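First comes the structure, then the notes that go with it.
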Amino acid sequence: MIPSILPTYSRAPLEFVKGEGSWLLTADGRRFLDLGAGIAVNALGHAHPALVKALTDQAEKLWHVSNLYQIPQQQALADRLVEHTFGDTVFFTNSGTESCELAVKMVRKYWYEKGDPERIEIVTFAGSFHGRSTAAIAAAGSEKMTKGFGPLMPGFTHLPWGDHDALRAAVTDRTAAILIEPVQGEGGIRPLPDQCLKGLRDLCDETGALLVLDEVQCGMGRTGKLFAHEWAGITPDIMMVAKGIGGGFPLGAVLATEDAASGMTAGTHGSTYGGNPLACAVGCAVMDHVADPGFLSQVNRVAGQLRQGLEGLVAAHPDVFEEVRGTGLMLGIKCKAPNADVVKAGYDNAVITVPAADNVIRLLPPLTLSADEAAEALSRLDKAAAQVGAA
Ligand SMILES: *Cc1c(COP(=O)(O)O)cnc(C)c1O
């Protein structure tokens with residue numbers, strides 16, 4: 001008989017009843033060190049007092065009015081995002097998938113309004129993940145996500161990862177946009193080297209194609225800058241955001257330059273919940289912390305410590321681990337042992353990691369992870385690796 005929850009996930013037999021900072025507690029009192037943060041969502045950890053206050057204060061006043069009216073919390077968050085990024089304008093969504101939908105629509109409308117409605121082709125890359133809607137799975141293109149869901153939305157060209165010749169051949173003055181994650185998350189924590197991101201920007205400038213960055217996972221301080229593309233010193237035309245921006249409350253956004261957004265006039269897009277007062281009150285509180293340079297320096301310090309420790313773990317367990325990948329607090333360990341076994345051994349040692357493609361385990365802890373917690377994480381991962389190695 002089918003379970004009452006549609007069985008699209010294979011879930012670990014773990015049930016948490018409470019979260020405190022970097023820790024998740026079970027009903028029987030076990031404390032797990034959370035290096036998953038709900039897949040890079042709980043940017044400030046669990047039950048951060050500033051977020052609890054923002055949410056409960058707003059909950060007592062007003063939950064929802066719809067976008068037919070002014071929403072001051074939404075205005076405040078949009079202003080903050082515009083102040084701190086390349087973006088001139090913001091649309092709020094409830095998820096990364098919805099941000100992908102709008103990014104694709106915005107690209108198409110841009111070229112339509114420029115008098116070039118046939119210019120629809122968006123170039124994407126192997127190993128990418130942009131969400132689970134029909135546009136998002138067509139964009140990523142992997143068989144695992146698209147099989148059985150055809151016919152797929154047309155208009156996407158899929159290129160291998162890191163093949164410069166294929167890229168040069170594919171991107172022409174007929175290309176509508178390039179869509180890419182600066183650091184692939186689900187694909188196995190694969191950062192795009194800074195010079196490649198610069199190269200993509202140049203290619204877009206040469207051909208007129210729009211550069212669309214998916215920073216749903218790697219954005220909001222995850223890599224030690226507010227947004228990952230800042231490391232390369234470039235700016236996109238359109239950017240997808242979600243996950244960390246709501247700190248655990250469902251919230252996403254699309255940021256765009258004035259030119260890239262120029263086709264999206266009144267009536268061309270909408271969302272009932274997107275940008276509602278609760279989500280935006282929380283989003284403002286998240287931004288207050290994450291956009292603070294002091295906060296980001298602390299992220300970089302702990303990230304350096306964690307990374308150095310992980311290099312040591314790889315050296316100590318060469319039969320289990322192969323290499324460390326990633327940047328900031330978006331780290332991955334490519335495993336030699338099956339990554340599912342390593343994640344499971346982590347559970348046995350009360351430390352949570354997240355599997356990714358390419359036999360990688362992901363470490364995406366709260367950005368508030370302390371130096372002591374990073375040391376504790378390394379010690380627990382060491383035990384987990386020893387357990388896998390001995391098996
Ligand atoms: C998670 C993710 C998405 C999809 O976000 P949802 O909120 O699950 O819809 C899109 N792109 C990237 C890079 C992601 O990591």
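The numbers here are math on the coordinates, done by the rules we state, and not lab data. Because the structure is predicted, anything quoted here is derived from the model rather than measured. Using ideal geometry, Cβ is built from the backbone for each residue, glycine included, and neighbour counts are taken over all protein chains shown.
Some notes on this structure:
- Note on the chain: with a GNM built from Cα contacts shorter than 10 Å, the maximum mean-square fluctuation among V320, V82, V123 falls on V82.
- Under the Karplus curve 6.51 cos²θ - 1.76 cosθ + 1.60, θ = phi - 60°, whole-Hz ³J(HN,Hα) for the range 264-270, x wherever Gly or Pro sits: 8, 8, 3, x, 8, 7, x
- Between the beta carbons of D205 and D372, assuming R0 = 51 Å, the FRET efficiency works out to 0.65 to the nearest 0.05.
- Alpha-carbon centroids, the range 66-122 and the range 251-322: separation in whole Å: 17
- Choice from E15, E118, E322 with maximal GNM fluctuation in the chain (Cα, 10 Å cutoff): E15
- Dipole check for the range 302-391: with +1 at the C-beta of Lys and Arg, -1 at the C-beta of Asp and Glu, and the Cα centre as origin, the magnitude is about 160 Debye.
- Derived scalar couplings ³J(HN,Hα) [the range 187-204; Karplus, 6.51 cos²θ - 1.76 cosθ + 1.60; whole Hz; x for Gly, Pro]: x, x, 6, 10, x, 7, x, 3, 5, 6, 5, 4, x, 5, 4, 4, 4, 5
- Selected from T172, T97, T327 as most flexible by GNM, with the chain as the system and alpha-carbon contacts under 10 Å: T172
- The relative contact order of the range 1-148, computed from alpha carbon pairs under 8 Å that lie at least 6 residues apart in sequence, is 11 percent.
- Signed unit charges on C-beta, dipole axis of the range 49-290, positive-most listed residue Y110, G141, T268: G141
- Shown here is the pair-distance distribution of the range 140-229: with all Cα-Cα distances grouped in 5 Å bins from zero up to the longest one, the shares run 3, 12, 21, 24, 20, 14, 6, 1 percent.
- Dipole size of the range 49-290 about its Cα centre, with +1 on Lys/Arg Cβ and -1 on Asp/Glu Cβ: approximately 600 debye, rounded to the nearest 20.
- Estimated translational D of the chain in µm²/s (Stokes, Kirkwood radius over Cα pairs; 37 °C; 0.692 mPa s): 152
- Residue-wise HN-Hα couplings along the range 39-50, as the Karplus relation 6.51 cos²θ - 1.76 cosθ + 1.60 with θ = phi - 60° gives them from phi, are 6, 6, 9, 7, 4, 9, x, 8, 6, 4, x, 5 Hz; Gly and Pro carry x.
- Here the spin labels are modelled as points 7 Å beyond Cα on the Cα-Cβ line, and at E20 and D319 they lie 3.8 nm apart.
- Model label points for L152 and A76, set 7 angstrom from Cα along the Cα-to-Cβ axis, are 4.3 nm apart.
- Length gained when the stretch Y112-I5 is fully extended (0.36 nm per residue, less Cα-Cα span): 34.4 nm
- In this structure the amide hydrogen of F156, modeled in the peptide plane, comes within under 5 Å of the amide hydrogens of I122, none closer than 5 places in sequence on its chain.
- Qualifying GluC sites (Glu not before Pro) in the range 205-282, DSSP loop, other Cβ atoms within 10 Å at most 12: E258
- Cut-off under 5 Å, modelled amide H: who pairs with G247 long-range: A43
- Here the gap between Q195 and T235, fully extended at 0.36 nm per residue and compared with their Cα-Cα distance, gives a gain of 13.1 nm.
- Members of K109/K243; K105/K334; K144/K225; K53/K109; K18/K144 lying beyond 29 Å, as alpha-carbon distances in this model show: K105/K334; K144/K225; K53/K109; K18/K144
- Across the chain, C-alpha contacts under 8 Å between residues 6 or more apart give a mean separation that, scaled by the residue count, equals a relative contact order of 23 percent.
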